[in-house]
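**Student:** Before anything else, here's the structure in question.
The values are calculated or read from the model by the stated rules, or taken from the named source; none is laboratory data. None of these values were measured; they are calculated from a predicted model. Cβ coordinates were reconstructed from backbone atoms using ideal geometry, including for glycine residues, and neighbour counts include every protein chain displayed.
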Amino acid sequence: MVMFKTFLLTLLPLLLMCTIVHIGFFDNVPMELGNKYYAEIPSMLIFVPNWMTMPFNTLVNFGYAIVGAMWLAITSNYIDCNVFTETQSFLFYIFNWMALFYSPIQLLRILTQIHAFAVLDQWVTLPFFMWVVVEGITILYGWNWSKALCLCTLSILSYFLVLLPIPGFEISLILHIAAALHVARLLYNKFPNEKSKNFFIKAFISCLGFIFLKLLDLHLGNLHLAFKYLSGHFLSKICDILQIHYVNLFVLNIVLRQNKDAKKKAE
């Protein structure tokens, strides 16, 4: 029941965002479209179809669906084993439905190079980071529908900064990442342990890799031929997928520690 509920709660805002993009609200927002913005060159592998001009950048996007589906299954298993409360499972389900839904959006952006998918690719990134904030606040202070709704709405609306003559998306993304890091730090301070520290560091390094490898994509391609196949963009997506995985592990470890402490107090 919780799984289906969270599926709808993740899908409906995404459909609203798709509708806003479809009616052309962001048509004048400049986007980098075309293979010239990517370092990867067509593969010489005979089993790669002609329409897949960037095979590695294309196939890597299935990783989001794989890691999302894996963590949806893990969450369901923890519910069956009475490890998670309903609220805790709710948090994990939403985050990993986001990961699963992001897979086709990024895949379609790479394959079609259509403006609408480029906008959606940017836009859905923001609630991803905001949900980490919601997870942290919920673990620290308890679930609050109005607070979660307010934060998610603010996150979605923040993308409208792209309509201003400023680097709106970049500003919003930096603020989202900073907020997620701050809340993660608060979580670690309340439930300190070595595992959480390691997962936090790995998630942070993956986040840096996601950002900088993508920015350096064309530069790396000029440095060595290998980066024209396994490009900076491809490697940044690997980092992004790992980031999702390590965030899940970090939050899971915090939740298990919280449940353990609560059980001790109850005894």
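**Student:** Surrounded by fewer than 19 Cβ atoms within 10 Å (Cβ to Cβ) and either in a helix (DSSP H, G or I) or polar (S, T, N, Q) (or both): does that describe residue 212? If you could, list the steps in order and put the result at the bottom.
**Tutor:** On the way: surrounded by fewer than 19 Cβ atoms within 10 Å (Cβ to Cβ): yes; either in a helix (DSSP H, G or I) or polar (S, T, N, Q) (or both): yes.
So residue 212 fits the description; yes.
**Student:** Now for a separate question. Name the residue, out of 116, 65, that is small (Gly, Ala, Ser), outside any loop (DSSP other than H, G, I, E, B) and closer than 18 Å to residue 237 by Cα.
**Tutor:** Working: 116 fails: closer than 18 Å to residue 237 by Cα.
The unique qualifying residue is 65.
**Student:** OK, next. Given the criteria crowded, with 17+ Cβ neighbours inside 10 Å, within 24 Å of residue 190 (Cα to Cα), touching a Leu at 6+ places or on another chain (Cβ under 8 Å) and modelled with pLDDT of 95 or more, does residue 124 qualify?
**Tutor:** no
**Student:** Could you say which residue among 82, 57, 77 is over 25 Å from residue 149 (Cβ atoms), in a loop (DSSP other than H, G, I, E, B) and of a type in the set (S, T, N, Q)?
**Tutor:** Values: 57 fails: in a loop (DSSP other than H, G, I, E, B); 77 fails: in a loop (DSSP other than H, G, I, E, B).
Only one candidate passes the filter, namely 82.
**Student:** When only residues in segment 175-191 that are modelled with pLDDT under 95 and farther than 12 Å from residue 251 by Cα count, which is surrounded by the fewest Cβ atoms within 10 Å (Cβ to Cβ)?
**Tutor:** Applying the filter and picking the extreme gives 189.
**Student:** Also, I was wondering about something else. Answer yes or no as to whether residue 41 is among the hydrophobic types (A, V, I, L, M, F, W, C), out of contact with any Asp or Glu (no Cβ under 6 Å at 6 or more places or on another chain), farther than 16 Å from residue 117 by Cβ and assigned to a helix (DSSP H, G or I).
**Tutor:** no
**Student:** Can you name the residue in segment 220-267 that is outside any loop (DSSP other than H, G, I, E, B) and among the aromatic types (Phe, Trp, Tyr) and, of all such residues, is nearest to residue 62 (Cα to Cα)?
**Tutor:** 234
**Student:** May I pose another question? Do we find a residue being assigned to a helix (DSSP H, G or I), at pLDDT below 95, surrounded by fewer than 19 Cβ atoms within 10 Å (Cβ to Cβ) and among the charged types (D, E, K, R) anywhere in segment 149-171?
**Tutor:** Within segment 149-171, one or more residues are assigned to a helix (DSSP H, G or I), at pLDDT below 95, surrounded by fewer than 19 Cβ atoms within 10 Å (Cβ to Cβ) and among the charged types (D, E, K, R).
**Student:** Another question about this same structure. I'm checking my understanding of the structure. Among residues of segment 15-53 that are of a type in the set (Ser, Thr, Tyr) and either touching a Cys at 6+ places or on another chain (Cβ under 8 Å) or farther than 20 Å from residue 102 by Cα (or both), which one is modelled with the highest pLDDT?
**Tutor:** Across segment 15-53, the extreme among qualifying residues is 37.
**Student:** Which of the following residues is crowded, with 20+ Cβ neighbours inside 10 Å, assigned to a helix (DSSP H, G or I) and modelled with pLDDT of 90 or more: 204, 200? Talk me through it step by step, then tell me what you get.
**Tutor:** Numbers: 204 fails: crowded, with 20+ Cβ neighbours inside 10 Å.
Just one listed residue meets the conditions, 200.
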